Amino acid sequence: MNEQMPRSPQQPDQTPPPAHTERSVQTGALQPDEELAASYQAEFPTIFDAPQQPQKPPKKPRKKGSRQLRGIITAVAVCLVLVVAASGVCRVLYHKGLIAYIQDAVNASDDVSSVPSQAAEAKLLFDYSAYGSDPANSDALALDGISAIRVQNEKDAYDLHSHWEKEKQIDPQTAQEVEKDVLRWLITDVDGRDVEGVQFSTSTVGFIVSDLLRMRYDAVYAEDRDATIEQGGQTYWQECGLDDPRAVCTVTFGNGAALGVVVGDQTPTGNGYFVSLQATPGADPEAAGTPKEDKRIYRVGADAVTYFLKEASYYVNKDIIAPVEQDEDVVTPEGNTISDPYFLQGELSRFDELTITGPAFGKGYAFTMVENDVPGYDSIYLMTSPLVQNVDLDAMSTLLAPVADGLTTAGCVVMKATDADIAKYGLDEPACTVRYVVKGQETVLNIGAMCDNENGYYAVMVKGNPSIMQIAPTSIAFMNYSTADFASSTLYSCNIVQVKTMQVTLEDGTSATFTLEDGMDENDNQILTVTTQDGATVREDDFRTMYFNFLGLTSFTNVVDGKDAETPAVTITMTYDDFDKVDVIRLSPYTERRYFMSLNGMGSTVVLSTAVDSFVSSFTALID
């Protein structure tokens, strides 16, 4: 087999291909079969030769009819004259190109059909798909399986090899999840470059294999690719760009036989390509399925060769972080069900460690988990650095998304990055580094500089993965979050039944301490008894009103320059029945109508003075 080398490299193609689906074959009446193609080829040696105008049929005697019928006939005659005139112009001005364009367009119109037919099977060029499912099954396959697949195109040259993987599937008989051995294909060599560790997408690489082992065609363009065209002196091989191909894909079988698909230029309409085959017999030329010499040139749909034209980096796995999987429920011998503690209602909600570092994050942000019943917090998330404060649930959901839902990028920038590549894309000193530890497994995401100004994509890498990928900013929105963005609007929250004592002190020195006790009345209804430090009893409803106003001290906005006054306007100290901790909430003037609110000396929350006034009024009403 004369190996055909592809043309010189071009810029990498980052455009995603069309969806990989089962393609319907064009079966329109205008597509010639092999016999018709031969006669057509003899008469019109190239697509750029227009057929002669057909002889006009003899005129039939005009029949007598109404004036309306004569008018219709006259109109039709005028239309025919215009068509003939236009056809003449076509011949004069576009003798070579337009007719071919029209013929191609008519043939392409059959593409809309998606209904299989008997004629569709006749358009199958070859079918080695059985070799794709088990390339090493030499007992069942006459050509001793597949030993290698090679792709050469304008951008890259790379080799494919197969291996077996374990994959969980649903058994159609039992509807149960089972683990099965599945054959996958990987790119193992790219122009002799080291690609060890590069994570290729086995499913996307598999499209190359499926398209190469089973190919359909739309029409036979030339019966003999080596024949010379009268006009111009070129061979059909040259005319179709096969002497300088866009791609050559070769499958080599175990017995030495090989089949190469040479992809030439696009068809004039741009919706297909010219291809031809190159065959090499193996050790047993008579073995079933041995590729045979075929000098024809075929026209195939563009989607038949899409994956042959892609650079190797296109096949790097875009999914750089896999979602954390939920463990199955475990039923104890006592009949109790233990669910995965990291998941709440099927969503990943817990982590072991979570930090963000980078130039914009100062000394770094750190988060931890708290139990639902720990007083003072309104969620299970708590920021511990640089502030100690409740975390907004939506902000935390965005931050957890890469490990909760997985992280998919827009594509590969560098397959296997060098130190120079890492520095070039700002990943030697990342703008943002997020470290997740979930179920004891560490995932580190580094976000570098913007690498695509048009789309706003950023360069990213994951620890342990040598590839630099690009990602949309919407997938990493948290990289621009400040402490204010992470802060919950509720700085403090606690169920009243957990409170042991509550001390309120105003700026003028007014102070009172309330002690709370739960109890039951004579009707077994739960009651709350509140007493002051003097032993006086406070009406439960009045205290609940004050406590409600206290919890209503929520954030109006977040600031970075707030601080506690030396003598705050209000200081609230809380202790609890079942938790050995003390929380101190302070309200200090920030502006004329705003107060800065802190919890244990930390915070970024500013509350409205009207909310503070309501709380103070309800407090003074209790002690008057």
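The values are calculated or read from the model by the stated rules, or taken from the named source; none is laboratory data. These figures come from a predicted structure and were not determined experimentally. All Cβ positions, even for glycine, are placed from backbone atoms using ideal geometry, and neighbour counts span all protein chains on display. Only protein heavy atoms, including side chains, enter the accessible area calculation; ligands, DNA and RNA are left aside. Shrake-Rupley method; radii C 1.70, N 1.55, O 1.52, S 1.80 Å.
Summary of values
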quantity	calculated
Filtered GluC sites (Glu not before Pro), the range 200-243: DSSP coil and at most 14 other beta carbons within 10 Å	230
Mean Cβ count within 10 Å, highest first, over the residues of peptides 463-471, 358-366, 413-421	463-471, 413-421, 358-366
Residue pairs, from the table 318/463; 180/463; 166/310; 439/463; 155/416; 310/416, whose Cα atoms sit over 24 Å apart	180/463; 166/310
Residue 269-residue 127 FRET efficiency (beta carbon distance; Förster radius 35 Å; 0.05 resolution)	0.85
Solvent-accessible area per residue, Å², over the range 309-370 with all protein chains present [probe radius 1.4 Å]	57 Å²
Whole-Hz couplings from phi, Karplus 6.51/-1.76/1.60, listed for the range 441-451; x for Gly and Pro	9, 8, 10, 10, 10, 10, 10, x, 7, 5, 10
Those trypsin sites (Lys or Arg not before Pro) in the range 563-592 that DSSP places in a loop and that have at most 14 other beta carbons within 10 Å	563, 581
Label point distance in nm, residue 496-residue 334, each placed 7 Å from Cα along Cα→Cβ	3.5 nm
³J(HN,Hα) computed for each position of the range 197-212 - Karplus, 6.51 cos²θ - 1.76 cosθ + 1.60, integer Hz, glycine/proline x	x, 5, 9, 8, 7, 5, 5, 6, 4, x, 5, 4, 5, 5, 6, 6
Calculated FRET value between residue 523 and residue 581, using beta carbons and R₀ = 45 Å, to 0.05	0.85
13 Å cut-off, amide nitrogen to a point 7 angstrom out along residue 165 Cα→Cβ, residues in the range 305-342	316-320, 322
Sulfur and carbon atoms: percent of accessible area, the range 373-447 [1.4 Å]	47 percent
Added length on full extension, which subtracts the Cα-Cα distance from 0.36 nm per residue, residue 513 to residue 175	115.3 nm
Length added when fully stretched, residue 557-residue 503, from 0.36 nm per residue minus Cα-Cα	16.8 nm
Relative contact order %, the range 348-430, counting alpha carbon pairs below 8 Å whose residues are six or more apart	17 percent
Mean Cα-pair separation over length for the range 570-618, i.e. relative contact order, pairs under 8 Å, 6 or more apart, %	24 percent
Highest average packing first - 399-409, 183-193, Cβ atoms within 10 Å	399-409, 183-193
Accessible area per residue in Å² at 1.4 Å probe, computed on the range 498-624	53 Å²
Full-stretch length increase - residue 420, residue 283 - with 0.36 nm per residue and alpha-carbon distance subtracted	44.5 nm
Carbon/sulfur fraction of accessible area - the range 516-608, other protein chains in place, 1.4 Å, %	45 percent
Distant-in-sequence amide H partners of residue 411 (H built 1.01 Å from N, under 5 Å)	470
Karplus 3J(HN,Hα) series, Hz, for the range 573-581 with 6.51 cos²θ - 1.76 cosθ + 1.60 (x for Gly, Pro)	10, 10, 10, 9, 5, 10, 10, 8, 8
